[in-house]
Amino acid sequence: MTFLTSSTSAKPALQQDLEILAVKPLLITTGEPAGIGMDIVLSLAAAGKFADFNQPIWVTADAQALAARAQRLVEQGAIATVPTWRVIAADNTEVDNAVNALTGGPSKQHKTSDVKNFEFTVINIQAASPVQAGVITVANAAMVAEQLSLAHKLAIEGKIAAIVTGPLQKSALIEADIRLVDGAMFSGHTEYFMQRSGCDKVVMMLANQAMKVALVTTHLPLSAVPAAITADNVRQTVQIVIDDMQQKFGIARPKILVCGLNPHAGEGGHLGMEEINIINPVLAEFRAQGVDISEAMPADTLFTPRHLETCDAVIAMYHDQGLPVLKSHGFGDTVNVTLGLPYIRTSVDHGTALDLAGSGKASATSLYQALLMAQMMAISS
């Protein structure tokens, strides 16, 4: 298994800051228990990769199912030994006690080395039915939702540094009638955390070592995209990208390139009017405020080395305009970041991979990168 290393820019801040900061954990939600969420956590732990973060790693999972999966991975030869972890209950008292053990309460500070004597901490959220690798059980969707609820609570209360989400099975939550705050059917992590946080809009960004790409629209049919490209939507997206590039990535004046909606960015109106009527007027507003942002550019020329090497982020109009290019430059080490939340949330760039669950063949590289990104953003915030 190959693991990417942390960026050199993040390391000095880590080594310096974690000596003086009260340490908050990075929280991983393992998501769907039948999928590879537990596998990739165990792979990183068994390889000693959690030690790279020099801060506590907390994991939401069914502790019994996690132990069974670890033993299976040992039998498969995927890991040499079962990693060590401690288990705490998913109730306020035990979690608060664990937080205070790290920070010493509201005033006293500790170094991570004073309290970390195991690879990670499991917050035990029990599944309703026995967990079988690769086999979805709708009855266990409730424990997946409970993981997200606890993660949000800990993040909004400032008890953790960031949320790093493993993959879930949307169909299982829908079949279990798990709903969002507004009553709509469950549609994903992004919408869940947005509504729980009371945000009107968040922005999906995917990032790897080659580029960062944010989206104006996300999971819409292509036929519905043009109607969703409104001035307000473009304006909100740009503002969220600017704010989080400054506040969570530590880039004071980000350089942003923006894709047009149409081929050739509309070819002066001959191939579409959205650039002239909607997108460029909004971008002009930001340039008038001193923001370093382009006009709408043809996507087929924007995504070239000459432009990418000088920009901090790209804003694409729709999902398959930006993400195929990004993933072609680093599928497997790409991180999903939700911008606009009041806390940090990163995620792996893959699904539950039910066919790989328990096989020992699942790559943990994306989870490792998501942890690195979450830690870097926590330090920059």
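Values in this text are rule-based calculations from the coordinates and carry no lab data. Treat the numbers as computed from the prediction; the structure is a model and nothing was measured. Using ideal geometry, Cβ is built from the backbone for each residue, glycine included, and neighbour counts are taken over all protein chains shown.
Thinking of segment 55-213 as a set of Cα atoms, what percent of all their pairs are more than 28 Å apart? Every Cα pair in segment 55-213 considered, those over 28 Å come to 32 percent. Of the residues Lys255, Lys24, Lys212, the one that moves most in a GNM of the chain with alpha-carbon contacts below 10 Å is Lys255.
When the alpha carbon coordinates of the chain are projected onto the principal axes, the ranges are 62, 46, 38 Å, largest first.
Can you give the translational diffusion coefficient of segment 210-329 in µm²/s, computed by Stokes-Einstein from the Kirkwood radius over Cα pairs at 37 °C and 0.692 mPa s? Result for D is 229 µm²/s.
In the Gaussian network model of the chain, springs joining C-alpha atoms below 10 Å, which of Ile163, Ile79, Ile276 carries the largest mean-square fluctuation? The residue with the greatest mean-square fluctuation here is Ile276. Toward the positive end of the charge dipole of the chain, with +1 on the Cβ of Lys and Arg and -1 on the Cβ of Asp and Glu, the farthest Cα among Val99, Ile293, Thr60 is that of Val99.
Quote the charge dipole size of the chain about the Cα centre in Debye, to the nearest 20; the model charges only the Cβ of Lys and Arg (+1) and of Asp and Glu (-1). Intermediate results must be reported in sequence, preceding the final value.
Details: 25 positive and 35 negative charges, 160 e Å.
Value, rounded to 20: 760 debye.
Top mean-square fluctuation among Ala296, Ala65, Ala224, Gaussian network model of the chain, C-alpha springs under 10 Å? Residue with maximal mean-square fluctuation among Ala296, Ala65, Ala224: Ala224. Exceedance of the 28 Å cut-off in Cα-Cα distance is limited, within the set Lys24/Lys255; Lys49/Lys255; Lys170/Lys212; Lys49/Lys361, to Lys24/Lys255; Lys49/Lys255. Put simply, the amide H of Val258, placed in the peptide plane, has neighbours under 5 Å in Ser294, Met297, Ile315, leaving out anything fewer than 5 places away on its chain. Going by neighbour counts of Cβ atoms within 10 Å, the residues Phe53, Phe193 line up, fewest first, as Phe53, Phe193.
In a simple Cβ point-charge model (Lys, Arg +1; Asp, Glu -1; nothing else charged), segment 210-329 has a dipole of about 300 debye relative to its Cα centre.
Over the residues of the chain, the helix contribution to mean residue ellipticity at 222 nm works out to -10500 deg cm²/dmol, using -39500 (n - 2.57) for each DSSP H run of at least 4.
Under a Cβ-Cβ cut-off of 11 Å, what is the net charge of the residues other than Ala128 that fall near it, where Lys and Arg count +1 and Asp and Glu count -1?
Working: positive: none; negative: Asp62, Glu146.
For residues surrounding Ala128, the net value is -2.
With charges set only on the Cβ (+1 for Lys and Arg, -1 for Asp and Glu), what does the dipole of segment 143-253 come to about its Cα centre, in debye to the nearest 20? Display every interim value, and only then the final one.
On the way: 10 positive and 10 negative charges, 72 e Å.
It works out to roughly 340 debye.
Relative to the longest principal axis of the Cα atoms of the chain, the long axis of helix 92-103 lies at roughly 80 degrees.
As a ratio to 2.2 N^0.38 Å, the alpha-carbon radius of gyration for segment 167-278 is 1.25.
Here the Karplus curve 6.51 cos²θ - 1.76 cosθ + 1.60, taken at θ = phi - 60°, turns the phi angles of segment 214-231 into couplings of 9, 10, 6, 10, 10, 9, 10, x, 4, 5, 8, 5, x, 5, 7, 8, 9, 4 Hz, with x standing for Gly and Pro.
One quarter of the surface of the convex hull around the alpha-carbon atoms of segment 312-369 equals 5.4 nm², the direction-averaged projected area. Put +1 on the Cβ of every Lys and Arg and -1 on every Asp and Glu Cβ in segment 210-329; which of Asn233, Ala313, Leu215 then has its Cα farthest towards the positive end of the dipole? So the residue we want is Ala313. Please list, in order, the residues from segment 280-324 whose amide nitrogen is less than 13 Å from a point placed 7 Å along the Cα→Cβ vector of Leu271. The answer is 297-302, whose backbone nitrogens lie closer than 13 Å to the label point. Rounded to 0.05, the FRET efficiency of the Ala284 and Asp177 pair, given R0 = 45 Å and the Cβ-Cβ distance, is 0.45.
Considering only the other residues whose Cβ falls under 15 Å of the Cβ of Met185, what net charge follows from Lys and Arg at +1 and Asp and Glu at -1?
Working: positive: Lys170, Arg179; negative: Glu175, Asp177, Asp182, Glu191.
So the surrounding residues net to -2.
Couplings 3J(HN,Hα) for segment 324-329, derived from phi with the Karplus relation 6.51 cos²θ - 1.76 cosθ + 1.60 (θ = phi - 60°), are x, 5, 4, 5, 5, 9 Hz, where x marks Gly and Pro.
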